[in-house]
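Visitor: Questions regarding the structure given below will be posed in turn.
The values are calculated or read from the model by the stated rules, or taken from the named source; none is laboratory data. Everything numeric in this text was worked out from a predicted model, so none of it was measured. Because the Cβ atoms are built from the backbone with ideal geometry, glycine has one as well, and the counts that use them run over all protein chains shown.
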């Protein structure tokens, strides 16, 4: 009788363990799918924001160029009237010099605005990547029990976009004692 009860208890424990393992696997798959959806949504949102900002900068630069062109035309008209009034060759040379100086300043200002816009876009991308990396680290710490101390991972140079699933697959291979070949990771495994 005791042996029968012990077997039933072992069977119940085995079934419970199998059910828990199945549920854990299912929850992990759902969490990974949800995370992938969130990442895609955040990436789409960041892309839309970036495109909107680029469009705003283009419109702003276009408006500035129109204003500058109007100002140049006004200055040219004023200079033309002065030249006609004075009729002097010296004024004509001054007018030409002023136009060249204004044009050079316009070109330099446009170049500076373009550099500034590029830097702003790059900064936005860097901030987005940093935020994504921090979020991934927090999620990984939460999933793996953030209170456990692990050796710090070496920082690897960015070798292109690696999605969340690929990172988990590489991490899982590293934790199971496998040595990843490091392909696509210039700094080695993480």
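Visitor: List the residue pairs whose Cβ atoms are under 8 Å apart, where the first residue sits in the stretch 84-96 and is under 22 Å from residue 73 (Cβ atoms), the second is at pLDDT below 75, and the two are 6 or more positions apart or on different chains.
Guide: Going by the 8 Å Cβ cut-off, the qualifying pairs are 91/82; 91/83; 92/83; 95/82; 95/83.
Visitor: For the stretch 29-82, give me each residue that is surrounded by 11 or more Cβ atoms within 10 Å (Cβ to Cβ), closer than 30 Å to residue 136 by Cα and without any contact (Cβ under 8 Å) to a residue 60 or more places away in the chain. Before the answer, list the steps.
Guide: Taking the stretch 29-82 first, the residues surrounded by 11 or more Cβ atoms within 10 Å (Cβ to Cβ) are 31-33, 35-36, 38-40, 42-43, 45-47, 49-50, 53-54, 56-58, 60-61, 64-65, 68-69, 71-72, 75-76, 78-80, 82.
Filter again for closer than 30 Å to residue 136 by Cα, leaving 31-33, 35-36, 38-40, 42-43, 45-47, 49-50, 53-54.
Answer for the stretch 29-82, where residues must be surrounded by 11 or more Cβ atoms within 10 Å (Cβ to Cβ), closer than 30 Å to residue 136 by Cα and without any contact (Cβ under 8 Å) to a residue 60 or more places away in the chain: 33, 38, 40, 43, 45, 47.
Visitor: Would you confirm whether any residue within the stretch 6-22 is surrounded by 10 or more Cβ atoms within 10 Å (Cβ to Cβ) and closer than 30 Å to residue 131 by Cα?
Guide: No, the stretch 6-22 contains no residue that is surrounded by 10 or more Cβ atoms within 10 Å (Cβ to Cβ) and closer than 30 Å to residue 131 by Cα.
Visitor: Any residue at all in the stretch 144-157 that is closer than 19 Å to residue 34 by Cα, over 20 Å from the mean Cα position of the chain (by Cα), modelled with pLDDT of 75 or more and exposed (fewer than 11 other Cβ atoms within 10 Å of the Cβ)?
Guide: For the stretch 144-157, residues closer than 19 Å to residue 34 by Cα, over 20 Å from the mean Cα position of the chain (by Cα), modelled with pLDDT of 75 or more and exposed (fewer than 11 other Cβ atoms within 10 Å of the Cβ): absent.
Visitor: A further question on this structure: For the stretch 125-143, name all the residues that are within 30 Å of residue 59 (Cβ to Cβ) and surrounded by fewer than 14 Cβ atoms within 10 Å (Cβ to Cβ).
Guide: Answer for the stretch 125-143, where residues must be within 30 Å of residue 59 (Cβ to Cβ) and surrounded by fewer than 14 Cβ atoms within 10 Å (Cβ to Cβ): 125, 126, 127, 129, 130, 131.
Visitor: Would you confirm whether or not the stretch 87-94 contains a residue that is in a helix (DSSP H, G or I), under 30 Å from residue 121 (Cβ atoms) and out of contact with any helix residue (DSSP H, G or I) (no Cβ under 7 Å at 6 or more places or on another chain)?
Guide: No - not one qualifying residue is present in the stretch 87-94.
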